[in-house]
Amino acid sequence: MTTALYLPEENIDMIAATSVLQQQAADIRSRTITWASYMQSQMISQEDYQAISALDKQRSAFLTENPTQAVKTLLNLVSHLSKDSTIQYILVLLDDLLQEDRARVDLFHETSGKFKQCVWGPFLNLLNRQDGFIVNMASRILAKFACWGHETMPKADLNFYLQFLKDQLGINSAAYLQEKAEQAKRVQTIIVHSHGQHGKDHHGNQYSPSVALMQQRHDLANESYREVRSTATSDQDGKSHIPNNEYIQSVARCLQMMLRVDEYRFAFVTVDGISTLIRILSTRVNFQVQYQLIFCLWVLTFNPLLAAKMNKFSVIPILADILSDCAKEKVTRIILAVFRNLIEKPEDSSVAKDHCIAMVQCKVLKQLSILEQRRFDDEDITADVEYLSEKLQNSVQDLSSFDEYATEVRSGRLEWSPVHKSAKFWRENAQRLNEKNYELLRILVHLLETATDAIILSVACFDIGEYVRHYPRGKHVLEQLGGKQIVMQHLGHEDPNVRYEALLAVQKLMVPLDTHTILHSHEQPL
């Protein structure tokens, strides 16, 4: 039995998320397929010909009277026919049947079992087709079969399908970002050509560059809109001309459905799905895709084990950034719901505390105070803002300086906060960087290897220097972790502040253990 998370249907969002498919499906429904020619050429049986012809004319009545034959015929046609336009038509018909009555999913499972047909196989095979509509409609039907019935998707098929969804998200988001970049270049070209130019309109009146630029931008926006509208077309054979990135919302919608089922969540984590969601959310995708992907994170957090591990993927910093920038209420609502689950759902109270501290570190309290000043129609937003504000305020009161420091290091967002420059802090806590198999020290070394921000690199160099200055065996430990060589590499960094902090750290690394002549001053270079 499928254990699903039953949540209110997001009907409006579902329409928005599948609008490209729906636009095409409306055209495909109006087609007339000459099933007689298929029968005459012996591509379908007499039995299947009669069934599909009846489904075309009176599908509800035929399905009620002949449910087994209807299912058998549809599975036969999907499995054995190959023409794109015909497969498109069958998929639309089948999807409409499921959308009208979810109970029909179980009918498909039961009937396929009786005739030893595989309900999953034909649709999984269609995921390899070149036609975008076929691929995404097959994916949509698979999600319904997997989530709306009593039978769960077999493990091997599930892993394949979730990997497919993950890959499609990556491909579609890359295409989306490329399109946005190209559009930005076009705007930049307009700005360059418009700079310093004056002209006359068709009445001979003088106009300014700013007016011209506004008009050109307006024309470009209209052109872009027309491009999107014109993509929902097909040729005579039903071949789709819609770019891949137009389907990203449909892919995300399938994932929203799948992750409502607890059995499927761990499988998604196994294929490294959370990292993919976070990577896409860290780019500038549109608000609808933001909402859908954050919705996926939200349903994942209903599982206590996953809620406890979620911030290992830097979920809190990414969502905090989106929260500070977003203007859409529904995006705000879903982010707050994720944050609430990250506090409520973990069974270990220390994990919930760590999540609170991480939110404080990412300036979520400031955003909550701003949201408190706004009036929302959605009572859930108000309730979540009040809940989170209370929890984060309490965590601030209980926060030790080391808790604050550890959270900052784990976030990877180092800055010159007071705790770094406190000699008292380092005297009392340097040795604590050894805890959990040198967790924090390893993170600092890793940041020196991977970070590009000059402030992060400067602070990491300084902290490593303070660690070896205050912990007697620090130099030996750092050498074992390969940190000494990495610090020295930054002596030639292009940023003078990074070079300065790396030099100070190297000095501390080179000073013998029994000396106390290390530089205690910490002056920033001019």
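Using the basic label-point model (7 angstrom from Cα toward the beta carbon), what is the THR283 to SER350 distance in nanometres?
3.8 nm
Work out how much length GLN58 to GLN480 would gain on full extension: take 0.36 nm times their residue separation and subtract the Cα-Cα distance, in nm to one decimal.
Contour length minus Cα-Cα distance gives 144.4 nm.
Please state, to two decimals, what the Cα-based radius of gyration of the range 17-88 comes to when divided by 2.2 N^0.38 Å (N = residues).
After normalising by residue count via 2.2 N^0.38 Å, the value is 1.16.
Considering amide H positions built from the backbone, and no H for Pro or chain starts, which residues 5 or more places from VAL261, or on another chain, come under 5 Å of its amide H?
Excluding prolines and chain starts, which carry no amide H, the hits are LEU5.
Starting from the 7 Å offset along Cα-to-Cβ, what nm value, one decimal, do you get for the label separation of ALA103 and LEU305?
Here the answer is 3.5 nm between the modelled labels.
Based on the inverse mean of 1/r over its pairs of different Cα atoms, what is the Kirkwood hydrodynamic radius of the range 31-157, in Å?
Its Kirkwood hydrodynamic radius stands at 14.8 Å.
What number comes out for accessible area per residue over the range 59-165 if the probe is 1.4 Å? Units Å², please.
38 Å²
Taking a probe of 1.4 angstrom, what is the accessible area of PHE287 in Å², to the nearest 10?
90 Å²
Please check which bits of the range 455-480 a label hung off GLU494 would reach, taking the label as a point 7 Å along Cα-to-C-beta and the cut-off as backbone N under 20 Å.
Label zone hits: 455-461.
Pop out the carbon and sulfur fraction of the accessible area of the range 259-391 as a percent, whole number, probe 1.4 Å.
For the range 259-391, the apolar C and S fraction of the accessible surface comes to 47 percent.
What FRET efficiency comes out for GLN163 versus ASP96 if R0 is 41 angstrom and r is the Cβ-Cβ distance? Round to the nearest 0.05.
0.90
Rolling a 1.4 angstrom probe over the protein heavy atoms, how many square angstrom per residue are accessible across the range 349-428?
Per residue, the range 349-428 has an accessible area of 55 Å².
Could you state how much accessible area LEU481 has, in square angstrom rounded to the nearest 10, with a 1.4 Å probe and all protein chains kept in place?
40 Å²
Among rounded, prolate and oblate, which fits the range 304-369 when a ≥ b ≥ c are the square roots of the eigenvalues of its C-alpha gyration tensor, a/c under 1.5 means rounded, and a/b larger than b/c means prolate?
Cα axes put the range 304-369 in the prolate bin.
Extension gain LYS83-TYR387, at 0.36 nm per residue separation less the Cα-Cα distance, in nm?
103.9 nm
Scaled to the compact-protein estimate 2.2 N^0.38 Å, what is the alpha-carbon radius of gyration of the range 238-396, rounded to two decimal places?
1.05
For the pairs LYS345/LYS391; LYS57/LYS83; LYS312/LYS366; LYS421/LYS484; LYS312/LYS436; LYS83/LYS144, flag any whose C-alpha to C-alpha distance is greater than 18 Å.
LYS57/LYS83; LYS312/LYS366; LYS421/LYS484; LYS83/LYS144
With θ taken as phi - 60° and the coefficients 6.51, -1.76 and 1.60, list the Karplus ³J(HN,Hα) couplings across the range 445-450 in order, rounded to whole Hz; mark glycine and proline as x.
Using θ = phi - 60°, the values come out as 4, 4, 5, 5, 7, 10 Hz.
ARG432 to SER369: FRET efficiency via 1/(1 + (r/R0)^6), r the Cβ-Cβ distance, R0 25 Å, to the nearest 0.05?
0.20
For SER324 and ALA423 in one chain, what is 0.36 nm times their gap in residues minus the Cα-Cα distance, to one decimal in nm?
32.3 nm
The values are calculated or read from the model by the stated rules, or taken from the named source; none is laboratory data. Predicted model only: the values in this text are computed from it and were never measured. Virtual Cβ from ideal backbone geometry, glycine too; neighbours counted across all protein chains shown. Side chains included, ligands, DNA and RNA excluded: accessible areas come from the protein's heavy atoms. Shrake-Rupley method; radii C 1.70, N 1.55, O 1.52, S 1.80 Å.
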